[in-house]
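Just below is one structure, and these are the notes that go with it.
The values are calculated or read from the model by the stated rules, or taken from the named source; none is laboratory data. Note that the structure is a prediction, hence the values are computed from the model and not measured. No Cβ is skipped: glycine too gets one built from the backbone with ideal geometry, and neighbour counts run over all protein chains shown.
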Amino acid sequence: MALMRRVAALGAAVAAARQYARQNPEKVNRYADQAAAFIDQRTNGKFRRQIDGALRQVRKETSVPGRTVPGPSQAGQYGPQQFRHDPYQSGTQRYPSERTDR
């Protein structure tokens, strides 16, 4: 029975995390970028593909219907970055995990 309580508690925690991510997508995306930058730095880029996949999943969970999906800024660079103005992408912010060059 203790195992079932743990599974139920874990399921509740996952549901709460998803709800928070949908309500605060900017914060979640910012923290995910910071975590990705930290892990990528510590592993010297060894797990970059796995990090990109995890960030893609975070973006998928935090996406809002009707909002444009963020695209790539600079491949392989995570964390806070300065973006140049692109007249074709008016007002959209780009994230490194949403790569279109694959």
> Is it true that P72 is of a type outside the set (F, W, Y) and at pLDDT 90 or above?
Replying inline: no
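Hand me the list of helices (runs of 4 or more DSSP H) wholly inside the range 1-65 holding 2 or more residues that are surrounded by 16 or more Cβ atoms within 10 Å (Cβ to Cβ).
Values: elements: 2-23, 25-42, 48-62.
In the range 1-65, the matching helices (runs of 4 or more DSSP H) lie at 25-42, 48-62.
Would you check if D40 is of a type in the set (D, E, K, R), more than 10 Å from the chain's Cα centre (by Cα) and at pLDDT 90 or above?
Details: of a type in the set (D, E, K, R): yes; more than 10 Å from the chain's Cα centre (by Cα): yes; at pLDDT 90 or above: yes.
It is true that D40 is of a type in the set (D, E, K, R), more than 10 Å from the chain's Cα centre (by Cα) and at pLDDT 90 or above.
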